[in-house]
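Notes follow the structure.
All of the numbers you see were taken from the coordinates with simple rules; none came from a lab. Predicted, not measured: the structure shown is a model, and the values here were computed from it. Because the Cβ atoms are built from the backbone with ideal geometry, glycine has one as well, and the counts that use them run over all protein chains shown.
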């Protein structure tokens, strides 16, 4: 999973790409659990799609740009997942999302 800067994230949204964004902090214990869940789901999606999953999975360290996180992403807690389809925010979930729920989110 690629870690994005705020500028890279803005470009991903503008591009209309379908992706999940994991907003995390390095000091956050639940964020580490969420990262493990995302890595498992990502591996499964890559295997099932023969290397071309329909969703990208990216991560963003909320401590890397506090102003962007507060003002543009409206993040109040970590971990937070945001699901984008065609450049539009479709879903936001805060807290650790279990692997089965993540898989369901990405195959809807």
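Residues that are touching a strand residue (DSSP E or B) at 6+ places or on another chain (Cβ under 8 Å) and either within 20 Å of residue 85 (Cβ to Cβ) or part of a helix (DSSP H, G or I) (or both) within the stretch 46-61 comprise 55, 56, 57, 58, 59, 60, listed in sequence order. Between 90, 17, 39, the distinction of being in a loop (DSSP other than H, G, I, E, B), under 17 Å from residue 107 (Cα atoms) and within 13 Å of the chain's Cα centre (by Cα) belongs to 17 only. Looking only at the stretch 90-108, how many residues end up being surrounded by 13 or more Cβ atoms within 10 Å (Cβ to Cβ) and under 14 Å from residue 56 (Cα atoms)? Residues in the stretch 90-108 being surrounded by 13 or more Cβ atoms within 10 Å (Cβ to Cβ) and under 14 Å from residue 56 (Cα atoms): 4 in total.
In a helix (DSSP H, G or I) and surrounded by 13 or more Cβ atoms within 10 Å (Cβ to Cβ), is that true of residue 23? The answer is no for residue 23. The set of residues in the stretch 74-87 that are without any contact (Cβ under 8 Å) to a residue 60 or more places away in the chain and either crowded, with 18+ Cβ neighbours inside 10 Å or in contact with a strand residue (DSSP E or B) (Cβ under 6 Å, 6 or more places away or on another chain) (or both) comprises 75, 77, 78, 79, 80.
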